[in-house]
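Encoded as structure tokens, the structure appears first; notes follow it.
The values are calculated or read from the model by the stated rules, or taken from the named source; none is laboratory data. It should be emphasised that the depicted structure is a prediction, and the values quoted were computed from it without experimental measurement. Here the Cβ positions follow ideal geometry from the backbone for every residue, glycine too, while neighbour counts run over all protein chains shown. When the accessible area is computed, the model is the full protein with side chains, heavy atoms only, and any ligands, DNA or RNA have been set aside. Shrake-Rupley method; radii C 1.70, N 1.55, O 1.52, S 1.80 Å.
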Amino acid sequence: MSINIDNYNSIKNELAGKATLIAVSKTKPAEDIQALYDMGHRDFGENYVQELVDKYQQLPKDIRWHFIGHLQSNKVKYIAPFIHLIHVVDSLSLLREINRQAIKNSRVIDCLLQVHIAKEETKFGLDDDELNGMIDNTYDNQYPHTRICGLMGMASFSENEDLIRQEFRHLKNLFDQITSRRSGFANPCFLSMGMSGDYKIAMQEGSNMVRIGSLLFGERNKA
Ligand SMILES: *Cc1c(COP(=O)(O)O)cnc(C)c1O
């Protein structure tokens with residue numbers, strides 16, 4: 001077993017109930033997830049559809065699975081029966097497909113809109129105008145088997161704390177703007193920001209959901 005229990009306990013303490021901790025278990029074996037589960041943890045994040053489906057089948061059914069990797073529309077059907085929260089909705093066509101698969105499974109699927117806040121080009125997500133377009137387009141509830149519960153973003157991979165802070169602050173502003181509109185987000189609503197390297201800054205900037213992998217499970221092997 002290679003989970004870091006000291007880090008787990010100290011992160012839980014730091015979050016102090018103000019943010020949900022998603023344990024990001026991508027590339028890590030089911031035994032590591034089970035070990036954290038046995039300590040009472042239930043929220044786990046995965047990035048790859050096939051890997052998630054395999055783990056879902058092997059592990060206890062009351063785990064709340066969060067999808068945080070890039071999601072192609074044609075793969076939604078594999079996770080639709082059980083996914084707890086999809087953090088990475090970045091187009092209306094993806095939302096439409098999630099709605100379609102949710103109907104087939106007689107459920108409502110909770111989603112976050114992924115916003116591109118980093119200076120880096122390589123990241124996915126909506127820009128500010130696209131985000132506002134998505135909010136306008138979903139206001140009349142055309143996709144009633146989905147609920148938009150908030151926003152997710154990833155800051156730049158950088159040593160520059162000011163840059164990271166600025167990016168998170170920008171996302172929090174967008175989140176607050178949308179929250180104050182008539183439509184707002186479904187409740188409870190989530191601002192998913194912060195990873196192993198930057199979750200402390202994210203918490204200071206108003207995150208209520210952090211996604212932490214390597215601090216809990218150790219470094220991943222680079223593909
Ligand atoms: C892998 C991943 C994480 C966790 O990253 P760590 O740096 O290991 O904490 C969080 N969010 C997303 C979207 C990821 O892909």
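Evaluating residue 207 against the criteria (1) touching a residue at least 60 places away in the same chain (Cβ under 8 Å); (2) among the hydroxyl-bearing types (Ser, Thr, Tyr); (3) over 20 Å from residue 69 (Cα atoms) leaves one unmet condition, (3).
For segment 118-125, indicate whether the set of residues that are touching a residue at least 12 places away in the same chain (Cβ under 8 Å), away from the ligand (no atom under 13 Å from the Cβ) and either open to solvent by less than 20 Å² (accessible area, probe 1.4 Å) or not in a loop (DSSP other than H, G, I, E, B) (or both) is non-empty. Within segment 118-125 (the criterion being touching a residue at least 12 places away in the same chain (Cβ under 8 Å), away from the ligand (no atom under 13 Å from the Cβ) and either open to solvent by less than 20 Å² (accessible area, probe 1.4 Å) or not in a loop (DSSP other than H, G, I, E, B) (or both)), the answer is no, since none of the residues qualifies. Scanning segment 151-183 for residues that are modelled with pLDDT under 95 and within 16 Å of residue 204 (Cα to Cα) turns up nothing.
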